[in-house]
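The values are calculated or read from the model by the stated rules, or taken from the named source; none is laboratory data. Note that the structure is a prediction, hence the values are computed from the model and not measured. Please note: Cβ atoms are built from the backbone with ideal geometry, for glycine as well, and neighbour counts cover all protein chains shown.
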Amino acid sequence: MTADALDAVFREEYGRAVSIVLRTTGDLGLAEDAVQEAFAVAAQHWPDEGLPQHPGAWIITTARHRAVDRFRREAARGEKEAEAALLRAASEPEPDPFGDDRLRLLFACCHPALAMPARVALALRILAGLTTAQIASAFLVAEATMGQRISRAKAKIRDAGIPFRIPPADELPARLAGVLAVVYLVYNEGYSAGLGAPPARAGLCAEAVRLARILRRLLPDEPEVRGLLALMLLSEARRDARSGADGVLVPLDEQDRSRWDASLLAEGLGIVKVSLGRGLLGPYQLQAAIQAVHCAAPSPAATDWRRVLRLYDLLAEAAPGPVVELNRAVALAEVAGPREALDAVDGLPLAGYHVFHAVRADLLRRLGRTEEASAEYAEAARLAPSAGERRFLERRGAELDA
Amino acid sequence: MAQYLISMYQPDGVVPPPEVLAPVMAQLGVLTEDLKAAGAFVFGDGLTDASSATVLKAEEGDVLITDGPYLEGKEHLGGFDIIEAPDLDAALGWARRFAEITGLPIEVRAFAGFAG
């Protein structure tokens, strides 16, 4: 029984344990305290005695006892509250067979009344079981700052009366979209840190995938949950091929496709195939489907760009926005040529986005407008969020002169 | 059951013409009736103009009285309702109707429950 093994159990079981103990305490802070105490007890016993047969159940039982003890101890809480907690603890059936407790907690942590950074921090802390220090280093803020952000968010849940419940059917789509946005933001935070980022930041991608897997287990029939999972899996599959030995970005059409992770790819493609069979696609499913076309092509030249363009047309309808138009233009360039694509790109309000300039640079290059292309590569490089992307764009710019 | 303060903030000195104000007031009347019918209404009213406020401050054994309002600004609290709601989602449901009817920013805060 090593510290790593205990850490693994912690990450795996923390969110579930807190969500279940929450039923006993009715208070998130108390539930977390109790679960943390239970893990502290585990850290004392498990190294000598070995893992119990069901570590998660052991943690939950121990934490519940701790919570009830605390109610008994704290006379200030009043006899009535203690009794109510005892009663809830005693009358409970076997915990959470369908994961509803964790869902309730997730919807509270991702409530629209909380600011986005707070939602992200709570989801990683409570659902993914990351420590405050880990989250702080992933988002490049001081641990004290992150601790404050998390405790303030928990205080708001308590004081404002944010409910622990699964939203009713008429609110579910909007609220679920909010939850998925949190997960995707976690992924993008790790992805955009990208090449050469410290492991804690890059690890956010894996945490986002893990959160999406939890969500899929809890909500197996929600198409957009599967869509987001597939989108992230297909992106993760190509992660290693995305950077060369020198840490410089390798664009999709130059990637060594044998370096793509076959099992992640197969899983992502499998999910997309099922989604496409069911029709009526939401934004995440459409983005996953677009990635699937790229991933399924044996070579860049074999990419079915017409299909990509059709999917972008659907995406522009489902989730209109300038970034979608920009990506659509890349496909348009392959189908209709760079001039049409440039017309579609010009005027998009994306002057601060490096990809906008990179796309314009590429289109201008293909139209033989070398000088303008060179200026756009320089602007794209200036705005690039990572060194790997910047060096790639500088290299492209330099190749113009060659 | 918790109690929530629903505050409406409005720009100072802007009085909408009667043809705009009348339907808003009528809809607010309906909303108040709905709150009462749901057993959620505690109190609610609009405030007189913020420039009519008076501010008191205890200083060196004396209480200083000044012409208000306390906070400088171009917008002030224009009215509020106190409602009963089981949780924030229910309170936000009511507050949403205030926002839609008035077009004003609406702030929702839970009472701490000190009064028992």
So how many residues does the stretch A:382-402 have that are part of a helix (DSSP H, G or I), small (Gly, Ala, Ser) and either in contact with a strand residue (DSSP E or B) (Cβ under 9 Å, 6 or more places away or on another chain) or within 13 Å of A:ARG360 (Cβ to Cβ) (or both)?
2
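For the stretch B:61-116, which residues satisfy the criterion of being within 11 Å of another protein chain (Cβ to nearest Cβ) and touching a helix residue (DSSP H, G or I) at 6+ places or on another chain (Cβ under 6 Å)?
If we filter the stretch B:61-116 for residues that are within 11 Å of another protein chain (Cβ to nearest Cβ), which is where we start, we get B:85-93, B:95, B:108-113.
The answer is B:ALA85, B:LEU88, B:VAL108, B:ALA110.
Conditions tested, residue by residue: (1) under 24 Å from the mean Cα position of the chain (by Cα); (2) farther than 20 Å from A:ASP253 by Cβ.
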position	(1), (2)
A:LEU311	yes, no
A:LEU315	yes, yes
A:PRO320	yes, yes
A:LEU326	yes, no
A:VAL330	no, no
A:ASP343	no, yes
A:HIS357	no, no
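On the given criteria, is A:SER192 over 22 Å from A:LEU229 (Cα atoms), of a type in the set (Ser, Thr, Tyr) and surrounded by fewer than 16 Cβ atoms within 10 Å (Cβ to Cβ)? First the steps, then the outcome.
Working: over 22 Å from A:LEU229 (Cα atoms): no; of a type in the set (Ser, Thr, Tyr): yes; surrounded by fewer than 16 Cβ atoms within 10 Å (Cβ to Cβ): yes.
In short, no.
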All-but-one check, A:ILE162 against (1) assigned to a loop (DSSP other than H, G, I, E, B); (2) over 16 Å from the mean Cα position of the chain (by Cα); (3) touching a residue at least 60 places away in the same chain (Cβ under 8 Å), failing number (3)
Filtering the stretch A:124-179 down to residues that are surrounded by fewer than 17 Cβ atoms within 10 Å (Cβ to Cβ), away from chain B (no Cβ under 14 Å) and among the basic types (Lys, Arg) yields A:ARG152
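Would you mind stating whether A:GLY388 is modelled with pLDDT under 95 and over 24 Å from A:GLN255 (Cβ atoms)?
Working: modelled with pLDDT under 95: yes; over 24 Å from A:GLN255 (Cβ atoms): no.
When the stated conditions are applied, A:GLY388 does not pass them.
Given the condition out of contact with any helix residue (DSSP H, G or I) (no Cβ under 6 Å at 6 or more places or on another chain) and at pLDDT below 65, answer yes or no: does some residue in the stretch A:51-62 qualify?
Going through the stretch A:51-62, the residues out of contact with any helix residue (DSSP H, G or I) (no Cβ under 6 Å at 6 or more places or on another chain) turn out to be A:51, A:53-54, A:57-58, A:61.
Still in the list and also at pLDDT below 65: none.
No: the stretch A:51-62 contains no residue that is out of contact with any helix residue (DSSP H, G or I) (no Cβ under 6 Å at 6 or more places or on another chain) and at pLDDT below 65.
Suppose we keep only residues that are of a type in the set (A, V, I, L, M) and within 14 Å of chain A (Cβ to nearest Cβ) within the stretch B:1-25. Which one would you say is nearest to A:ASP159 (Cα to Cα)?
First, the residues of the stretch B:1-25 that are of a type in the set (A, V, I, L, M): B:1-2, B:5-6, B:8, B:14-15, B:20-22, B:24-25.
From what's left, within 14 Å of chain A (Cβ to nearest Cβ): B:1-2, B:5-6.
Working: B:MET1: 13, B:ALA2: 10, B:LEU5: 13, B:ILE6: 15 Å.
Looking at residues that are of a type in the set (A, V, I, L, M) and within 14 Å of chain A (Cβ to nearest Cβ), I get B:ALA2.
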Among the candidates B:GLY46, B:GLY39, single out the residue that is within 30 Å of B:GLY113 (Cβ to Cβ), small (Gly, Ala, Ser) and surrounded by 11 or more Cβ atoms within 10 Å (Cβ to Cβ).
B:GLY46
Tell me, which residue of the stretch A:237-279 that is surrounded by 13 or more Cβ atoms within 10 Å (Cβ to Cβ) and touching a Pro at 6+ places or on another chain (Cβ under 8 Å) is nearest to A:VAL359 (Cα to Cα)?
A:LEU252
